[in-house]
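**Q** Input: one structure, supplied below.
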Amino acid sequence: MKKNIVILGAGFGGLRVALDVEANISGSTPEAKEWRVILVDRNPYHMYYPRLYELIMPGEKKNVCTIDVREIIRGKKIEFIQGEVQGIDCQEKIVKWRGEGEDIPYDYLVLALGADTDFFGIPGLQEYGCTLKSANDADMIR
């Protein structure tokens, strides 16, 4: 039976871990065949934040900020599951998720579910400042 390395989140952190782990275990050694790398995210795409500013600029808008996760992991021994995590049972080592299929057992679990904007305690910044973490934020700024 294969052992699972489950990575929750297909942002920069989750993708980097998945690609690095896959590179380290994809050798031809017998131990490499014992492992599965499973990447889980609620979205089928990776949001490439450094290009969000392009949505603010005038002109025709293309899908410049998202990259299909399957495109990124094509040719790699990484399984992608699109689903939303509902909980983690640490005793049973299972990820519970909303989607088709069974819960996901794991031997190793990586949590890379993203981050919130930090306003560093600066008074008024959260109320009057603008974040740029989504296409909706870009539309609002535009």
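The values are calculated or read from the model by the stated rules, or taken from the named source; none is laboratory data. This is a predicted model, so every value here is computed, not measured. Note: ideal-geometry Cβ built from the backbone for every residue, glycine included; neighbour counts use all protein chains shown. Note: areas computed on protein heavy atoms with side chains; ligands, DNA, RNA excluded. Shrake-Rupley method; radii C 1.70, N 1.55, O 1.52, S 1.80 Å.
**Q** Treating only the Cβ atoms of Lys and Arg (+1) and Asp and Glu (-1) as charged, compute the dipole magnitude of the chain about its Cα centre; round to the nearest 20 debye.
**A** Using Cβ point charges on Lys, Arg, Asp and Glu, the chain gives about 420 debye.
**Q** Give me, ordered by chain and number, the residues 5 or more places off residue 48 or on other chains with an amide H under 5 Å from its own placed amide H.
**A** HN-HN under 5 Å from residue 48: 66, 67.
**Q** Give me the one-decimal nm value for the distance between modelled label points at residue 76 and residue 131, 7 Å along each residue's Cα-to-Cβ direction.
**A** 2.6 nm
**Q** Here is a further query. Could you give the accessible area per residue of the chain, probe 1.4 Å, as a whole number in Å²?
**A** Accessible surface, normalised per residue, equals 69 Å².
**Q** Here's something else I'd like to know. So which GluC sites (Glu not before Pro) in the stretch 73-142 are both in a DSSP loop and have at most 14 other Cβ atoms within 10 Å of their Cβ?
**A** Passing sites in the stretch 73-142 are 92, 100, 102.
**Q** Give the carbon-plus-sulfur fraction of the accessible surface of the stretch 73-142 in %, rounded to a whole number; probe 1.4 Å, heavy atoms of protein chains only.
**A** 49 percent
**Q** Along the Cα→Cβ direction, 7 angstrom out, place labels at residue 26 and residue 43. What is the inter-label distance in nm?
**A** About 2.4 nm, to one decimal.
**Q** Kirkwood hydrodynamic radius of the chain from all distinct Cα pairs, in Å?
**A** The answer is 17.2 Å.
**Q** Also: Taking the highest mean first, how do the peptides 104-113, 6-15 order by number of other beta carbon atoms within 10 angstrom per residue?
**A** Packing order, densest peptide first, comes out as 6-15, 104-113.
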